[in-house]
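Chemist: Okay, handing you the structure first.
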Amino acid sequence: MNSLPVSPSPAPPLVLVFAETLWGKLERLSFELLADARKLAASVKGRVEVVLFTTQEQRASLLEELLAHVREPIHLVEHENFAEYSTESYTSGLVQLLQVLQPNLLFLGATTYGRDFAPRVAARLGYAYFPHCLLSKTATGGKLDITRVTHGGRVHIQTNWPLAAPAILTMKAGVADAPAAEKTPPNPQVTSHALKIAAGKVRLKKRIPPDPRTLDIRQAEKLVSGGRGVGNKENFAVLRALADALGASLAASRAAVDLGWVEYERQVGQTGKTVTPRLYLAAGISGASHHLMGMRDAGKIVVVNTDRQAPIFSVAHFGVLGDLHAVLPRLTERIQADKKKATPATSK
Amino acid sequence: MKVLHTTPFKIAVCLKEVLDARLPLKVEAKTGAIQQDAPEPVVTLNPADRSALEFAMQLREQSPGSRVEVFSVSDVAGQAALWYGLARGADDAERIEGSGKGAPYTAALLATRFHKETFDLICCGDETLDNSSALVGPLLAEILDLPQVTGVVRIVECSKSSILVERGLERGSRELVEMDLPGLITLKAESVPWRYVSYQKLEEAQLRNIPVRRETLPTSSNGLPKWPEQATPTAPRARVKKSFTPDSKMSPADRVRMIMAGGAAPQESKSKSSVVEGDAEYVSEQLYRFLKHHEFV
Amino acid sequence: MSEQFPLLFSPLQLRNKTIKNRIASTAHVTIFAENGMPADRERRYYEEKAKGGAGLLICFGSSSVHPTSPALDWKVVEMFDDRVIPHLQKFSDTMHGYGAAVLAQITHRGRRGHSNLSWQRLLGPSRVKEPNHREVPGVVQREDIDMIVKAFGQAALRLKQGGFDGVEISAAHCHLIDQFWGPHVNFRDDEFGGDLDNRMKFGFMVIERVRETVGDDFIVGIRITGDDFVEGGLNNDIMCEIAQKLSEHGMLDYFNVIGGSGETLPAEAACVPSMNFPLACFKHLSGRIREVVKEPVIAVGRINDPVVAEKLLADGQGDIVAMTRALIADPYLPLKAKEGRLDDIRQCMGYNEGCIDRQYRGIPVGCVQNPVIGKEVDWADLPPATTTKKVVVIGAGPAGLEAARILKTRGHQVVLFEKSDRFGGQLNIAKLAAKRGDYDGVARWLELQVKKLGVDIRLNTEATVDGILAENPDTVVVATGAVPLLPPVPGLQECEFAVSAWDVLLGKAPAGNRVLVLDDQGGQESVGAAEFLLDEGREVEIITPHYSVGEDLGPTNKPPVYARLYAKGVRMQSTWELAAIESGIVRLRNLHAGVEIERDDVDVLVYSYGGQSVDGLARELSGKVKELHNIGDSYAPRSLHHSIIEAHKYAREI
């Protein structure tokens, strides 16, 4: 079933990147795919374009976020059926768009949504489909070298595919380092496509955000982490209160876990877990190297400590020289007060 | 799970026997053979498929008269998965001859079979331990023109016309969705607790004669994604994640200093200026503003 | 239980051999060889690692391919002599018995070293002396090249004949091959000098000859630096180019990437990064090399823990992790990691004074934490006690803890008294110095172990003679440690602005901007206190009667400490001692000239004379108990290494 009509494509190869959204927010993974697509396109003298599905309400905010990173042309499909994910609406939308754009390659995240609808798109269009790929290196002799991850990451499958025959690749997070935000807004061309989007036979009933209290700290977006400086087990209530206010999960240093103040599952660093949240707030943690190794890749690191010499300040993006017992409760109050103010305004 | 009606269900469960990739594997460099570091290969029913089976059995228990049939596209050796299904209590098992030609082929064979007989619900594992393509479920649904929910972690409610399930999303998020029946769901491994299957039951199952079907595929590959015929397994080689590297043009002493500082040397000087001190009221306000500025609150 | 470490415990094929996991012990000099041969001491040392589950053992650091390689200073294995083969066979048989792959490193050190032991002329690509050893080499002639290339092939062949799985060619630490590579060392105008291809020619000849001699069924790897940290030397950009050419050449099976070089003191210190460096500090170097080569890469440098190792593998910065010192601190790390017993792993803290810093001084490798290292022949097994005794141990510093651990393991009934509320003794002070935070690792592990073993622990309990006798012990082990020594220098005891280095770390230094630190102890005490005060923004000068400040700091510890002290503005003067303090004036005396100078500009005087034994209890107990041992600093103030070994020795014999 592999006899492919190799159509002459005089235009430079087109690599499309599907910018995925989860509940109205762009997935960071999409930017990693973009970085990968740029590398590949550069090696085959191709071009990169980006696809975004959205609704009228979300259009402006999503586009703004996208434009911070994207200098390539954007194809936008706006439809009320994109208010929530459905296999059928996404499949029908993408199938129609690909028929118009005729790309050589489409990159999607190997997320729950991506893996849900991309196979159906590939089937409908007769595209090749490569699930769970790593960085697609380069094309040699008009063929794309593809590495697929199988057997729970213990095997890589090497294969190649003619660039001229369209293919969809899904990739897991971590395929590439996401490009930094553009310094000046690049203002790329945005094309809107009016398409008929099917409604699905699957209906969203409820969104269930993760409970930060039970979430694995490796998955958490925000962590409030305490160490020996917290003083005792009871004092961790201060950190828990802040974590609740922030919607963060609680973590701890090895010292705090050794002392029995926090359960082992929440230990960051050596003999514990390596975490990469967007926010890591370290309170009363001195920052032994075994701890730093476990959290230094976090997006923003905030440190509250009474000892200015504590090594953890060396990795801080924002440091507070002060007593966590005085600072954190005030911060918690401040956040709660803010929330109270915000609630009536938005409920209208 | 709540069952909201008493009409019996007809449920199909797709199973696969796989090499247990949770154990250390090696790839023979010359032949590309994937092997465990053990004298005998350790195989297992694919864990996600086991969730699918387990769920189907629970649904049958709560809805008297329902039937569960298990299917597997495999060669003779792969029928162990079906034995397990029978031992767990499936009403019938059927092996569809064929293996090793990739997920689209497997999906097409299953679809040919299900075209001949309608099931209220088809349950699959969301991905296999070995090929990990997560492809068979969605493709099967596509060919049969069924709605689907993939990545299911919990079944909440089931009626004759619809099913209410939770699917797992990224980073611990979930959503509750309702799907019309007939339809197809794929379950994540360990989403349904497994029940113990006794050796005795397994031995009894192994005595049963499992019918084999030979389906012929339509010659046209329309409605299927293309799939490469040539693929070489290799030992995994992880992508190099960028990490801080001092510029070779800097002096050796500066390079060593930056490495000792964990690459944080420039940041270190910057952070000195962004350390605030003062009374708790003031610093907590500054901290709040930092968090606000970066949209953490 | 390897679920937590799927990558670390996945096998990897190197040529014809499957390595069972990604944990390697890389080549290092042990100073164990006897007459140039790897004898029982060496074999038993490695056997523990093989037994502990390491997948890849690269043994015999810098073993010589030719007598002209200056190697007697490190007592390395003489791979140039056929009589090594039976030793190799016995060695490889032992390792293979545990499923480990066994390789050895071969090298020619060129100009690195001294000729005053072998009285063989040193050889280098050009007449340029190495800054570290400062002996001018002769220039390698064409016939020398042929001789050395042939010797590499023969040495590799001996390994094959001795049942080894492969060989590692050293082109790191500024040995002969990388001396040829280095544009700052190689000034030849023949075919072996000039552009990079010419400079790489000698190395290629070696690799080709080795491959030709050993055939296709033998692992041939290479050790290179990822950045030598030498001015005008082999920086990361050049090394990526070299690695790419080596990979394209296609004869090697792996690249083993270190940071640093043996050439200068700071670069040499970086080679085996101490606790002054972060964990996995050279992952960027192995990562960049790995991007340009197709072969597996061994990542090196403070990878002391399976969590760090797994992350490094996941981040693609290596295919194999060198956990060399981690396996010295605990040869059973792989098994414990596999079983999920992470807290049982005695973690290397990068202290280095027990292993590499001894080796650089020509004395055998040990481990400050693991007393068995180097003594496996006698101590690898710990036999249970023949008669169970009740033993009271006093003091939960490292000596007391190690004694309690061993006594309890052997089946004795153990009571441990500690007057403070915490374990670790002096470590609780020492760890307060900059970059010494990892120092409490030794206490943490011992604490976890004695608790797990069920030692009867009495914190906040000052041991008295009556209290001890009330326990009715068969044996008492006193490990009451030390306090800072205050010698009878005139005026010192009464001096109000004098403070001990220990108290400085505890934050008890008096106010005052101008600080004079007296370094008599010669170790970390004075420099730690000095840096502490520099970090507080004070002006600090260190004087010492020795030839240098921190005279006894090991070669891998001194350069980083100096780098930070100088960056923070310290002043240092050697060969001066404290003569007296009189009415606020500090008198210093030059040790050699005898002249004295007066200093009236000292606001704070920090003294560091080491410790003074706290042995009152030991003296009081004498004659009152059946068996009494005074161990560690309370016997005589010495190093951590002394304390642990001494505690272990006595506890083993009770």
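Chemist: Does B:LEU202 meet the test of being within 13 Å of another protein chain (Cβ to nearest Cβ) and either open to solvent by less than 40 Å² (accessible area, probe 1.4 Å) or within 26 Å of the chain's Cα centre (by Cα) (or both)? Steps first, please.
Modeler: Details: within 13 Å of another protein chain (Cβ to nearest Cβ): no; either open to solvent by less than 40 Å² (accessible area, probe 1.4 Å) or within 26 Å of the chain's Cα centre (by Cα) (or both): yes.
So B:LEU202 does not fit the description; no.
Chemist: Could you tell me whether the stretch A:217-235 includes any residue that is within 14 Å of chain B (Cβ to nearest Cβ), more than 20 Å from the chain's Cα centre (by Cα) and either more than 22 Å from A:ALA310 (Cβ to Cβ) or of a type in the set (Lys, Arg) (or both)?
Modeler: Within the stretch A:217-235, none of the residues are within 14 Å of chain B (Cβ to nearest Cβ), more than 20 Å from the chain's Cα centre (by Cα) and either more than 22 Å from A:ALA310 (Cβ to Cβ) or of a type in the set (Lys, Arg) (or both).
Chemist: If you scan the stretch C:221-238, which residues turn out to be aliphatic (A, V, I, L, M), buried (at least 22 other Cβ atoms within 10 Å of the Cβ) and farther than 20 Å from C:GLN105 by Cα? First the steps, then the outcome.
Modeler: First, the residues of the stretch C:221-238 that are aliphatic (A, V, I, L, M): C:222, C:224, C:230, C:234, C:238.
Next cut, buried (at least 22 other Cβ atoms within 10 Å of the Cβ) only: C:222, C:224, C:230, C:234.
C:VAL230, C:LEU234 - these are the residues of the stretch C:221-238 that are aliphatic (A, V, I, L, M), buried (at least 22 other Cβ atoms within 10 Å of the Cβ) and farther than 20 Å from C:GLN105 by Cα.
Chemist: Could you tell me whether A:LEU62 is farther than 28 Å from A:THR147 by Cα, in a helix (DSSP H, G or I) and either away from chain B (no Cβ under 14 Å) or touching a Leu at 6+ places or on another chain (Cβ under 6 Å) (or both)?
Modeler: Working: farther than 28 Å from A:THR147 by Cα: yes; in a helix (DSSP H, G or I): yes; either away from chain B (no Cβ under 14 Å) or touching a Leu at 6+ places or on another chain (Cβ under 6 Å) (or both): yes.
The answer is yes for A:LEU62.
Chemist: If the requirement is being under 22 Å from C:ILE169 (Cβ atoms) and either free of Cβ contacts under 8 Å to residues at least 40 places away in the same chain or surrounded by fewer than 19 Cβ atoms within 10 Å (Cβ to Cβ) (or both), which of these qualifies: C:GLN4, C:GLN89?
Modeler: C:GLN89
Chemist: Looking only at helices (runs of 4 or more DSSP H) that fall completely inside the stretch B:1-119, which ones have 3 or more residues that are under 18 Å from B:THR186 (Cβ atoms) and charged (D, E, K, R)?
Modeler: Answer list for the stretch B:1-119: B:47-62.
Chemist: Next up: Take the conditions more than 14 Å from the chain's Cα centre (by Cα) and assigned to a helix (DSSP H, G or I) and apply them to C:VAL308. Does it pass? Walk me through it before giving the result.
Modeler: Details: more than 14 Å from the chain's Cα centre (by Cα): yes; assigned to a helix (DSSP H, G or I): yes.
Criteria met by C:VAL308.
Chemist: Name the helices (runs of 4 or more DSSP H) wholly within the stretch C:327-409 that hold at least 2 residues that are open to solvent by less than 20 Å² (accessible area, probe 1.4 Å)?
Modeler: Numbers: elements: C:333-338, C:356-359, C:376-379, C:398-409.
In the stretch C:327-409, C:333-338, C:356-359, C:398-409 are the helices (runs of 4 or more DSSP H) which contain 2 or more residues that are open to solvent by less than 20 Å² (accessible area, probe 1.4 Å).
Chemist: Of the residues that sit in the stretch C:392-445 and are more than 20 Å from the chain's Cα centre (by Cα) and of a type in the set (Lys, Arg), which one is nearest to the other protein chains (Cβ to nearest Cβ)? Spell out the reasoning first.
Modeler: Keep residues of the stretch C:392-445 that are more than 20 Å from the chain's Cα centre (by Cα), which gives C:392-397, C:399-426, C:428-429, C:432.
If we keep only those that are of a type in the set (Lys, Arg) too, we end up with C:405, C:408, C:410, C:419, C:422.
Numbers: C:ARG405: 17, C:LYS408: 20, C:ARG410: 26, C:LYS419: 20, C:ARG422: 11 Å.
It comes out as C:ARG422.
Chemist: Among the residues of the stretch C:639-652, is any farther than 25 Å from C:THR388 by Cα and touching a strand residue (DSSP E or B) at 6+ places or on another chain (Cβ under 9 Å)? Walk me through how you get there before you give the answer.
Modeler: Filtering the stretch C:639-652 down to residues farther than 25 Å from C:THR388 by Cα leaves C:639-642.
Pick out the ones that are also touching a strand residue (DSSP E or B) at 6+ places or on another chain (Cβ under 9 Å) and you get none.
No; the residues of the stretch C:639-652 include none that is farther than 25 Å from C:THR388 by Cα and touching a strand residue (DSSP E or B) at 6+ places or on another chain (Cβ under 9 Å).
Chemist: State all residues of the stretch C:410-437 that are buried (at least 18 other Cβ atoms within 10 Å of the Cβ), of a type outside the set (Asp, Glu) and within 15 Å of C:LEU617 (Cβ to Cβ); if no residue qualifies, say none. Give the derivation first.
Modeler: So the first thing to find is which residues in the stretch C:410-437 are buried (at least 18 other Cβ atoms within 10 Å of the Cβ), and the list is C:410, C:412, C:414-418, C:423-427, C:429-437.
Still in the list and also of a type outside the set (Asp, Glu): C:410, C:412, C:414-417, C:423-427, C:429-437.
Within the stretch C:410-437, C:VAL415, C:LEU416, C:PHE417, C:GLY425 meet the criteria.
Chemist: What number of residues within the stretch B:275-297 satisfy the criterion of being at the interface with another protein chain (Cβ under 7 Å from one of its Cβ atoms), in contact with a strand residue (DSSP E or B) (Cβ under 6 Å, 6 or more places away or on another chain) and either part of a helix (DSSP H, G or I) or over 24 Å from A:SER314 (Cβ atoms) (or both)?
Modeler: Adding up the residues that qualify gives 3.
Here is a yes/no grid of residues against (1) within 30 Å of A:PRO131 (Cβ to Cβ); (2) open to solvent by 80 Å² or more (accessible area, probe 1.4 Å); (3) away from chain B (no Cβ under 14 Å); (4) part of a loop (DSSP other than H, G, I, E, B):
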site: A:ALA176; (1), (2), (3), (4): yes, no, no, yes
site: A:PRO186; (1), (2), (3), (4): no, no, yes, yes
site: A:PRO210; (1), (2), (3), (4): yes, no, no, yes
site: A:ARG240; (1), (2), (3), (4): no, yes, yes, no
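Chemist: Condition (residue is touching a residue at least 40 places away in the same chain (Cβ under 8 Å), of a type in the set (Asp, Glu) and open to solvent by less than 10 Å² (accessible area, probe 1.4 Å)) applied to the stretch C:41-52: is it met by at least one residue? Lay out the reasoning, then the answer.
Modeler: Step one: filter the stretch C:41-52 for residues touching a residue at least 40 places away in the same chain (Cβ under 8 Å), giving C:41-52.
Now drop any that are not of a type in the set (Asp, Glu), which leaves C:42, C:47-48.
Going one step further and asking which of them are open to solvent by less than 10 Å² (accessible area, probe 1.4 Å), we end up with C:42.
Within the stretch C:41-52, one or more residues are touching a residue at least 40 places away in the same chain (Cβ under 8 Å), of a type in the set (Asp, Glu) and open to solvent by less than 10 Å² (accessible area, probe 1.4 Å).
Chemist: When the residues of the stretch A:92-124 are filtered to those that are more than 19 Å from the chain's Cα centre (by Cα) and at the interface with chain B (Cβ under 8 Å from one of its Cβ atoms), which remaining residue is nearest to A:TRP161 (Cα to Cα)?
Modeler: If we filter the stretch A:92-124 for residues that are more than 19 Å from the chain's Cα centre (by Cα), which is where we start, we get A:92-105, A:119-124.
Now restrict to residues that are at the interface with chain B (Cβ under 8 Å from one of its Cβ atoms): A:119-120, A:122-124.
Working: A:PRO119: 17, A:ARG120: 20, A:ALA122: 15, A:ALA123: 17, A:ARG124: 19 Å.
So the residue we want is A:ALA122.
Chemist: Looking at C:LEU565, C:LEU605, C:LEU553, which one is aliphatic (A, V, I, L, M) and either in contact with a strand residue (DSSP E or B) (Cβ under 6 Å, 6 or more places away or on another chain) or open to solvent by 50 Å² or more (accessible area, probe 1.4 Å) (or both)?
Modeler: Values: C:LEU565 fails: either in contact with a strand residue (DSSP E or B) (Cβ under 6 Å, 6 or more places away or on another chain) or open to solvent by 50 Å² or more (accessible area, probe 1.4 Å) (or both); C:LEU553 fails: either in contact with a strand residue (DSSP E or B) (Cβ under 6 Å, 6 or more places away or on another chain) or open to solvent by 50 Å² or more (accessible area, probe 1.4 Å) (or both).
Going through C:LEU565, C:LEU605, C:LEU553 in turn, just one is aliphatic (A, V, I, L, M) and either in contact with a strand residue (DSSP E or B) (Cβ under 6 Å, 6 or more places away or on another chain) or open to solvent by 50 Å² or more (accessible area, probe 1.4 Å) (or both): C:LEU605.
Chemist: Okay, next question. Got at least one residue in the stretch A:70-85 being within 12 Å of chain B (Cβ to nearest Cβ), under 22 Å from the mean Cα position of the chain (by Cα) and in a helix (DSSP H, G or I)? First the steps, then the outcome.
Modeler: First pass over the stretch A:70-85, keeping only residues within 12 Å of chain B (Cβ to nearest Cβ): A:84-85.
From what's left, under 22 Å from the mean Cα position of the chain (by Cα): A:84-85.
Subsequent filtering for residues that are in a helix (DSSP H, G or I) retains none.
No, because not a single residue in the stretch A:70-85 is within 12 Å of chain B (Cβ to nearest Cβ), under 22 Å from the mean Cα position of the chain (by Cα) and in a helix (DSSP H, G or I).
Chemist: Go through the stretch B:234-266 and report how many residues are open to solvent by less than 60 Å² (accessible area, probe 1.4 Å), more than 7 Å from chain C (Cβ to nearest Cβ) and at pLDDT below 85.
Modeler: Within the stretch B:234-266, residues that are open to solvent by less than 60 Å² (accessible area, probe 1.4 Å), more than 7 Å from chain C (Cβ to nearest Cβ) and at pLDDT below 85 number 6.
Chemist: Could you please let me know if B:LEU164 is without any contact (Cβ under 8 Å) to a residue 40 or more places away in the chain and at the interface with another protein chain (Cβ under 10 Å from one of its Cβ atoms)?
Modeler: yes
Chemist: Which of the residues spanning the stretch B:133-167 are at pLDDT below 95, farther than 19 Å from B:GLN58 by Cβ, open to solvent by less than 20 Å² (accessible area, probe 1.4 Å) and not aliphatic (A, V, I, L, M)?
Modeler: Correct list: B:SER133 only.
Chemist: Another question about this same structure. Take the residues of the stretch C:528-552 that are in contact (Cβ under 8 Å) with a residue 40 or more places away in the chain and not charged (D, E, K, R): which is farthest from B:ARG257 (Cα to Cα)? Full working, then the answer.
Modeler: Here is the first cut: in the stretch C:528-552, the ones in contact (Cβ under 8 Å) with a residue 40 or more places away in the chain are C:528-533, C:535, C:538, C:543, C:545.
Retained after the next criterion (residues that are not charged (D, E, K, R)): C:528-530, C:532-533, C:543, C:545.
Values: C:GLY528: 18, C:ALA529: 21, C:ALA530: 19, C:PHE532: 18, C:LEU533: 20, C:ILE543: 25, C:PRO545: 29 Å.
So the residue we want is C:PRO545.
Chemist: Test B:ILE122 against the criterion of being farther than 26 Å from A:GLU27 by Cβ and either modelled with pLDDT of 95 or more or more than 8 Å from every other protein chain (Cβ to nearest Cβ) (or both), and give yes or no.
Modeler: On the way: farther than 26 Å from A:GLU27 by Cβ: yes; either modelled with pLDDT of 95 or more or more than 8 Å from every other protein chain (Cβ to nearest Cβ) (or both): yes.
Spelling it out, B:ILE122 is indeed farther than 26 Å from A:GLU27 by Cβ and either modelled with pLDDT of 95 or more or more than 8 Å from every other protein chain (Cβ to nearest Cβ) (or both).
Chemist: Could you tell me whether A:ARG124 is open to solvent by less than 10 Å² (accessible area, probe 1.4 Å) and under 19 Å from B:GLY223 (Cα atoms)?
Modeler: Working: open to solvent by less than 10 Å² (accessible area, probe 1.4 Å): no; under 19 Å from B:GLY223 (Cα atoms): yes.
When the stated conditions are applied, A:ARG124 does not pass them.
Chemist: Also: Conditions first: (1) open to solvent by 60 Å² or more (accessible area, probe 1.4 Å); (2) within 8 Å of chain B (Cβ to nearest Cβ); (3) in contact with a strand residue (DSSP E or B) (Cβ under 7 Å, 6 or more places away or on another chain). A:GLY152 passes all but one, so which condition is the exception?
Modeler: (3)
Chemist: Can you work out which of the residues in the stretch C:458-486 that are open to solvent by 20 Å² or more (accessible area, probe 1.4 Å) and among the hydroxyl-bearing types (Ser, Thr, Tyr) is nearest to C:SER634 (Cα to Cα)?
Modeler: Per the criteria, the residue is C:THR480.
Chemist: Shifting gears a bit: Which of the residues spanning the stretch A:304-318 are facing another protein chain (nearest Cβ under 8 Å) and open to solvent by less than 60 Å² (accessible area, probe 1.4 Å)? Steps first, please.
Modeler: We begin by selecting, within the stretch A:304-318, every residue facing another protein chain (nearest Cβ under 8 Å); these are A:304, A:308-309, A:311, A:313-318.
A:VAL304, A:PHE313, A:SER314, A:VAL315, A:ALA316, A:HIS317, A:PHE318 - these are the residues of the stretch A:304-318 that are facing another protein chain (nearest Cβ under 8 Å) and open to solvent by less than 60 Å² (accessible area, probe 1.4 Å).
Chemist: Does A:ARG124 satisfy the criteria of being assigned to a helix (DSSP H, G or I) and under 30 Å from B:THR232 (Cβ atoms)?
Modeler: Values: assigned to a helix (DSSP H, G or I): yes; under 30 Å from B:THR232 (Cβ atoms): yes.
So A:ARG124 fits the description; yes.
The values are calculated or read from the model by the stated rules, or taken from the named source; none is laboratory data. Note that the coordinates shown come from a computational prediction; the quantities given were computed from them, not determined experimentally. Ideal geometry is used to build each Cβ from the backbone, glycine not excepted, and the neighbour counts take in all protein chains shown. Protein only, heavy atoms only, side chains kept; ligands, DNA and RNA dropped before computing areas. Shrake-Rupley method; radii C 1.70, N 1.55, O 1.52, S 1.80 Å.
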